Amino acid sequence: MVREILVTGGAGYIGSHTVVQLLNADYIVVVFDNLSNSSPRVIERINRLTGKVCEFIEGDVRDRRALQIIFRQHNFDAVIHFAGLKAVGESEAKPLKYYDNNVSGSLILIDEMANAGVTTIVFSSSATVYGNPGYVQYCEDTPLVPVNVYGKSKLMVEDVLRDLKRVQPEWRIALLRYFNPVGAHQSGLLGENPLGIPNNLMPFIAQVASGKRAKLSVYGNDYMTPDGTGLRDYIHVEDLAAGHLAALVALDEGGGLLTVNLSTGRPHSVLEMIHTFEKVSGNRIPYEITARRAGDLAEYYADPLLAKQILNWEAQLDISRMCEDTWRWQQNSPNGYL
């Protein structure tokens, strides 16, 4: 039975919410994170929320020696691998940085797992591996043709793990393709903590609602969608975290290579998210319509059926709850973890 878990990137946005759920489910968790996009205060808040002590080791997955020490000191049953860089725009500007962190780091981690005899991994992948297939609903057999470096780096790691499984069938692997994670822990103690100007819609909306930023730019209102703005498949981070626990259980019960979308399967527009946030916060959110961004699609969302079938998992929380929890986090921690 899987009991002790190494969580790389466990102090990050999705990682921290997953660690809370793992601890609440009585797993033993070790977090390994270089804190490049997080804070040691995240671990303090995880411990406060769970009433447990989560072991934290500061380090980088590219540091082979550090990984060797960790695997020697622990008897892990599985690894959940979140560690990596995730900004699409930055990946295009700094491709070597992304291939080094996301691909090289994963290769070193997987190699040291193999050396330690740890052959169960849940990998944090992305819907960006699909690219633009020419239709809007993506299922797991949608062609894998990523159009940016971030998506390419995720696909490379998926390919490595598929090839490894082919020649070493004892490996148990889950490839979880996320759509658009939003929301925060219901306590308001954990949430998305972007450095500088947010890259993602929801934290930007929250900062405008709180008065931290003057207005939101909406990139295009002339798409062939109901209100002209882009449609995306947003998923609450708590649902996403629950999907990782479900994947661990499925692998423990004999799953060999699981590849699933984690999503709601219900797209929502930018304006719909703005208006819902206005309703839950009671604040007006000023916005201006600007030109479309190059590379943005009018609409895409997932078919989540396979996750329900093989993980016995489906998203539970709607956009009102996504906005409510984000707003609580923004009010509780207006400067993130500072």
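Residue pairs whose Cβ atoms lie under 8 Å apart, sitting 6 or more positions apart in sequence or on different chains, and linking a residue in the stretch 94-122 that is under 19 Å from residue 59 (Cβ atoms) to a partner that is acidic (Asp, Glu) and in a helix (DSSP H, G or I), are 97/90. In the stretch 7-20, the condition of being farther than 24 Å from residue 172 by Cβ, without any contact (Cβ under 8 Å) to a residue 60 or more places away in the chain and crowded, with 20+ Cβ neighbours inside 10 Å is met by at least one residue.
Inspect all residues belonging to the stretch 69-78 and state whether any of them is farther than 14 Å from residue 4 by Cα and either touching a Leu at 6+ places or on another chain (Cβ under 6 Å) or buried (at least 16 other Cβ atoms within 10 Å of the Cβ) (or both). No, the stretch 69-78 contains no residue that is farther than 14 Å from residue 4 by Cα and either touching a Leu at 6+ places or on another chain (Cβ under 6 Å) or buried (at least 16 other Cβ atoms within 10 Å of the Cβ) (or both). Each residue in the stretch 1-39 was checked for being aromatic (Phe, Trp, Tyr) and either at pLDDT below 95 or closer than 16 Å to residue 77 by Cβ (or both), and 2 pass.
Pull up the stretch 255-271, narrow it to residues that are surrounded by fewer than 17 Cβ atoms within 10 Å (Cβ to Cβ) and either without any contact (Cβ under 8 Å) to a residue 60 or more places away in the chain or within 20 Å of the chain's Cα centre (by Cα) (or both), then point me to the one that is farthest from residue 138 (Cα to Cα).
Going residue by residue through the stretch 255-271, those that are surrounded by fewer than 17 Cβ atoms within 10 Å (Cβ to Cβ) are 256-257, 266.
Adding the requirement that they be either without any contact (Cβ under 8 Å) to a residue 60 or more places away in the chain or within 20 Å of the chain's Cα centre (by Cα) (or both) leaves 257, 266.
Values: 257: 19, 266: 12 Å.
Ranking the qualifying residues of the stretch 255-271, first place goes to 257.
Of all the residues in the stretch 134-177, those that are loosely packed, with under 15 Cβ neighbours inside 10 Å and small (Gly, Ala, Ser) number 1.
Starting from residues that are in a loop (DSSP other than H, G, I, E, B) and under 15 Å from the mean Cα position of the chain (by Cα), keep the ones in the stretch 1-27 and report whichever is nearest to residue 183 (Cα to Cα).
If we filter the stretch 1-27 for residues that are in a loop (DSSP other than H, G, I, E, B), which is where we start, we get 1-3, 9-12, 25-27.
Next cut, under 15 Å from the mean Cα position of the chain (by Cα) only: 9-12.
Working: 9: 18, 10: 17, 11: 16, 12: 14 Å.
Going through the qualifying residues, I end up with 12.
Of all the listed residues (80, 69, 121), the sole one being hydrophobic (A, V, I, L, M, F, W, C) and assigned to a helix (DSSP H, G or I) is 69.
Would it be correct to say that residue 28 is within 18 Å of residue 116 (Cβ to Cβ) and not polar (S, T, N, Q)? So residue 28 passes the test. No other residue among 223, 178 is under 23 Å from residue 86 (Cβ atoms) and in contact (Cβ under 8 Å) with a residue 12 or more places away in the chain apart from 178.
Looking only at the stretch 282-301, filter to residues that are hydrophobic (A, V, I, L, M, F, W, C) and not in a strand (DSSP E or B); which one of those is nearest to the chain's Cα centre (by Cα)?
Pass one, the stretch 282-301, residues hydrophobic (A, V, I, L, M, F, W, C): 285, 289, 291, 294, 297-298.
Now narrow it down to the ones that are not in a strand (DSSP E or B): 285, 291, 294, 297-298.
Values: 285: 26, 291: 28, 294: 23, 297: 20, 298: 22 Å.
The selected residue is 297.
When 306, 240 are checked against the criterion of being of a type in the set (A, V, I, L, M), surrounded by fewer than 23 Cβ atoms within 10 Å (Cβ to Cβ) and in a helix (DSSP H, G or I), 306 stands alone in meeting it.
Without any contact (Cβ under 8 Å) to a residue 12 or more places away in the chain and not β-branched (Val, Ile, Thr): does that describe residue 309?
Numbers: without any contact (Cβ under 8 Å) to a residue 12 or more places away in the chain: yes; not β-branched (Val, Ile, Thr): yes.
Considered against the rule, which asks whether it is without any contact (Cβ under 8 Å) to a residue 12 or more places away in the chain and not β-branched (Val, Ile, Thr), residue 309 comes out as yes.
Could you pull out the residue among 36, 106 that is out of contact with any Gly (no Cβ under 7 Å at 6 or more places or on another chain), of a type in the set (Ser, Thr, Tyr) and loosely packed, with under 15 Cβ neighbours inside 10 Å? Matching residue, one of 36, 106: 36.
In the set 30, 53, only one residue is out of contact with any Lys or Arg (no Cβ under 6 Å at 6 or more places or on another chain), surrounded by fewer than 24 Cβ atoms within 10 Å (Cβ to Cβ) and assigned to a strand (DSSP E or B); that residue is 30. Among 314, 324, which is in contact with a Lys or Arg (Cβ under 6 Å, 6 or more places away or on another chain) and among the charged types (D, E, K, R)? Result: 314 is the single residue among 314, 324 that is in contact with a Lys or Arg (Cβ under 6 Å, 6 or more places away or on another chain) and among the charged types (D, E, K, R). The single condition among (1) among the charged types (D, E, K, R); (2) assigned to a loop (DSSP other than H, G, I, E, B); (3) over 30 Å from residue 330 (Cβ atoms) that residue 166 does not meet is (2). Among residues that are of a type outside the set (Gly, Ala, Ser), outside any strand (DSSP E or B), buried (at least 17 other Cβ atoms within 10 Å of the Cβ) and in contact (Cβ under 8 Å) with a residue 40 or more places away in the chain, residue 251 is included.
The values are calculated or read from the model by the stated rules, or taken from the named source; none is laboratory data. The structure presented is a predicted model; accordingly, all values stated were derived computationally and were not measured. Glycine also receives a Cβ, built like all others from the backbone with ideal geometry; neighbour counts cover every protein chain displayed.
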